[in-house]
Every structure is written in C-alpha cells, then in structure tokens.
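The values are calculated or read from the model by the stated rules, or taken from the named source; none is laboratory data. This structure is a prediction, so every number in the text was calculated from the model and none was measured. Here the Cβ positions follow ideal geometry from the backbone for every residue, glycine too, while neighbour counts run over all protein chains shown. Please note that ligands, DNA and RNA were not included when accessible areas were found on the heavy atoms of the full protein model with its side chains. Shrake-Rupley method; radii C 1.70, N 1.55, O 1.52, S 1.80 Å.
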Amino acid sequence: MHKRVLMIAFHYPPCAGSSGLQRALKFSRYLPEEGWQPLVLSASPRAYPQTSQEQLAEIPADLVVKRSFCVDAARHLSLAGRYPRRLALPDRWASWRWSGVRAGLRLIEEFRPTMIWSTYPIATAHLIAGRLQRASRLPWIADFRDSMTEPGYPSDPLQRRQYLDIERLACENARAVVFSAPGALRMYAERYPHLAADHWVEIPNGYDDLNFPAGDEAGPGTGKVTLLHSGVIYPSERDPTHFFDALAQMKARAMIRSPEFRVVLRATGHDGILAPMIEARGLGDIVTLAPPIAYTDALREMKAASGLLLFQASNCNHQIPAKLYEYMRAGRPVLGLTDPVGDTAVTMRRTGLTNIVRLDDQADIVTGLGEFLDELRSGRGRYPDAAAVAGYSRRRQTTRLAELFDRLL
C-alpha cells in the first residue's frame, strides 16, 4: 500500500514572516523518511504579504506541490481601504476555499492519498479539509497548533461565530486533533468531553539542525552585552510596556549603560507602536528596532547574542512561541518574560532555562534582568541542556506525526 498524505497548509514557501511555515515545510520534508509521501496543497504566492525565495530549496524536488488561486481581501479586493466583509470570512484568504477544494479533489483523484492533514492558522485550510473529507471519506487530522477560539476571541461576533463552527467541524469530524502545547490540548478536551482521550494529540513545534549555521556562538561574558528578541512582538500577547519601564528604571540607577549594553528587537512587526514607547522613556541609545533578515541569518544572530529575550503574556499560558525551540537550539541563555506557571515557562525549565520573570511586573523584571546580566558578565549564564533540547528536533516531531498516521490508518 502506498502511504500518501494530502497536506493542506496556507503557510508554505515562498511565504515569509510566519513561523507556521516551518511546521508544514519540515513535516513535508521529513515524512518520506518515515514511509509517508506528502502531497502539498497551498495558496498561490500572491496571497502572502511577504515572500522569500530562501527556503524554496528545502522543498524536495519530487514533492508534489499544488498552489491554487487565493487573494488577500484586504490587499486585493479593497477600495479606499474598505472591502466587502463577506469576502474576508472566516479570514482574509476565504477566496482560497473554492479553488482549494477543486485542487484537492483533483489531487485525491490522481494520487489516491490515504490521509488528509490540515493546519491552522489559516482557518480556511480546515474548511477545505472538511469539504475534502466529506467527499473522500479519508481520515482527517486537524492540526490546530494553538486554540482557534478563546473567551472574547475573535472579538468580531460574526468572525467568532464562524470560527466556532469551523472548530466544531474539525473536532467532531477529524480522526485526531493536534496541538503544539499541553494547555491547549487540555482546554479542548474539556470543551469536548464526549470525545475520547486519544482524540487529542500533542506534537510540539521544534527546530531543524539543517538551518543552523556552524560557529558564531557568543563569547563568555566579555565586552558589550547584547540581548536579542527575534520575531513579532504583539502589543497584547507580548506587551513590552513593563520591560521598557524596567529598562528606564535600571538606566536611571546606572544599572545599565549604553556603551556596555544593548537590546535588539528584530522584526517586531509593530515598530510603529514600539518606537514611540522607546523614545518616551529615553531608551533610544539602548534599544534598537531592527528590520527583518533572512531566516538563516536570524538563526545566526541568535547564536551570536549574549542572551535571548522571550515575551509571552499570561493570556497565552497554553501556548508556546515557536521561537523558543530555535532559542534552545541556539544554545544561549534565555530570559523568559512570562507567567511562571504557563506552558512556556514549564518548557523552559524542562531544558534548564530557569531565568523567568513576569512580563507584567516591572519590579520582578528589574530584579530578574539584573541577575541575568550579572550571570552573563561573570560567565555563569544558564544554558539549555543539549540532551533535553534534542527531543524537540523537527525530525523527532515528524516521527510522532507519522506514528499518529500509522495508528489511524
């Protein structure tokens, strides 16, 4: 029997600027080593806000990739900044649904896959998968990664209603539902108590050794100390207000000085919001807002930093930022600004990263950041345990996914 899986993923190269593309890309790259041949259904590149050719070379030459018509309603269908709401539900890429179903049916007819896998976000991917599952009766695995709905999210009532419908469609009709963090899994198991315990599966995000350059590690606590945050800083879920306040307080007390210390915030996605916050606190000589760079260059920068910063608010306690796994593989000390009882903090401690302070507590940040800097300067930084980190490789996670496919098959 040929074991083939139809993988429906919006985020896939040449998409850029989303950590989600790594999950779909690495699964599709390593599943053949586990005896499964992927077929990838994705959106036409015009739908992506940003594109990059960098990771196209990682797609295996013999992998079937079908990209079907899709536009971004906000960019392609707007007039004077406005566009019909119905064209952007459940999300701005709703146009992908109809072409995706047609393309998926053709792939099923031609290649006869034995499994369907879809990944959120984008919600439209699950809609496509649900339609294909009904038409083909193939087993469907819905990869949620994070939760689709929360109390008060989405805030728009119409979109929230559609998200709830899609969530119910996936949970009730998929043979298994996958999450990347244990807190999200527990939340959904409680939300749908009539479904069996083995319906819910945890497969974390991870890192890929393939992408990490050799060398470039920072020296042990000499010269200027550079702390790096690499990636999006959401104004709510990763609000840096108290961090900036703590920096201003430490600067006023001469605990930090610009010739000896700097913070680099790389590719925040919200520089327009953060820049006035930095300026208002007089932190322009310490905090730098840096533009996006190529993925491998970003990984190299992580390895060269003195220490790494991770922001995650308590309203995301059942989520784990995908960048944490790359931070761990970079082998640098990490200061986690997060709730000590959340999934992010628990995962950090499992790998020996115990520098954790509350994101919303200025005094805690001042104390914890001071200790973190002292450890870096004295060569006593807390480094991730390589053996524990190895369990989060993308190959390991692909093995877990293939084992799930085999069980369901």
ARG23: passes all of (1) in a helix (DSSP H, G or I); (2) at pLDDT below 95 but (2)
Right, GLY379: out of contact with any strand residue (DSSP E or B) (no Cβ under 6 Å at 6 or more places or on another chain) and at positive phi or not?
yes
Name, by its number, the condition in (1) modelled with pLDDT of 95 or more; (2) open to solvent by less than 10 Å² (accessible area, probe 1.4 Å) that does not hold for SER136.
(2)
Report yes if some residue within the stretch 32-51 is of a type outside the set (Gly, Ala, Ser), touching a His at 6+ places or on another chain (Cβ under 8 Å) and under 23 Å from ARG131 (Cα atoms); otherwise report no.
yes
Here, helices (runs of 4 or more DSSP H) confined to the stretch 107-201 with at least 1 residues that are in contact (Cβ under 8 Å) with a residue 24 or more places away in the chain, over 25 Å from TRP36 (Cβ atoms) and in contact with a Ser or Thr (Cβ under 9 Å, 6 or more places away or on another chain) are 157-173, 182-191
Given (1) crowded, with 23+ Cβ neighbours inside 10 Å; (2) modelled with pLDDT of 95 or more; (3) not β-branched (Val, Ile, Thr), number of the condition GLU301 does not satisfy
(1)
Please enumerate the residues belonging to the stretch 24-61 that are of a type in the set (D, E, K, R), under 25 Å from SER180 (Cα atoms) and open to solvent by 10 Å² or more (accessible area, probe 1.4 Å).
ARG29, GLU33, GLU34, GLU58
Do we have any residue at all in the stretch 200-210 that's more than 19 Å from the chain's Cα centre (by Cα) and either of a type in the set (Lys, Arg) or modelled with pLDDT of 95 or more (or both)?
yes
Quick check on the stretch 322-337. Is at least one of its residues in a loop (DSSP other than H, G, I, E, B), touching an Asp or Glu at 6+ places or on another chain (Cβ under 7 Å), hydrophobic (A, V, I, L, M, F, W, C) and open to solvent by less than 30 Å² (accessible area, probe 1.4 Å)?
no
Say whether the condition of being open to solvent by less than 20 Å² (accessible area, probe 1.4 Å) and of a type in the set (Phe, Trp, Tyr) is met by at least one residue in the stretch 83-92.
no
The correct count of residues that are in contact with a Lys or Arg (Cβ under 9 Å, 6 or more places away or on another chain), farther than 14 Å from ASP245 by Cα and not in a loop (DSSP other than H, G, I, E, B) in the stretch 275-296 is 3
Restricting to the stretch 160-199, and then to whatever is farther than 19 Å from ALA123 by Cβ and charged (D, E, K, R), can you tell me which residue is nearest to the chain's Cα centre (by Cα)?
ARG186
Specify the residue that is farthest from TRP93 (Cα to Cα); the eligible residues are those in the stretch 30-82 that are of a type in the set (Val, Ile, Thr) and assigned to a loop (DSSP other than H, G, I, E, B).
ILE59
Out of all the residues in the stretch 103-120, is one or more at pLDDT below 95 and closer than 23 Å to LEU77 by Cα?
no
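Residues checked against (1) open to solvent by 60 Å² or more (accessible area, probe 1.4 Å); (2) within 27 Å of ASN315 (Cβ to Cβ); (3) in contact with a Pro (Cβ under 7 Å, 6 or more places away or on another chain); (4) in contact (Cβ under 8 Å) with a residue 60 or more places away in the chain:
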site	(1), (2), (3), (4)
THR354	yes, yes, no, no
VAL357	no, yes, no, no
ASP361	no, yes, no, yes
ARG396	yes, no, no, yes
PHE405	no, no, no, yes
Any residue at all in the stretch 367-378 that is without any contact (Cβ under 8 Å) to a residue 24 or more places away in the chain and buried (at least 17 other Cβ atoms within 10 Å of the Cβ)?
no
Complete set of residues in the stretch 259-274 that are open to solvent by less than 70 Å² (accessible area, probe 1.4 Å) and either touching a helix residue (DSSP H, G or I) at 6+ places or on another chain (Cβ under 6 Å) or assigned to a loop (DSSP other than H, G, I, E, B) (or both):
ALA267, THR268, GLY269, HIS270
What are the pairs with Cβ atoms under 6 angstrom where one residue, in the stretch 236-250, is surrounded by fewer than 19 Cβ atoms within 10 Å (Cβ to Cβ) and the other, located anywhere, is among the β-branched types (Val, Ile, Thr)? Sequence gap at least six, or different chains.
GLN249/VAL366
Given (1) modelled with pLDDT of 95 or more; (2) of a type outside the set (A, V, I, L, M, F, W, C); (3) open to solvent by 10 Å² or more (accessible area, probe 1.4 Å), identify the lone condition not met by GLY342.
(3)
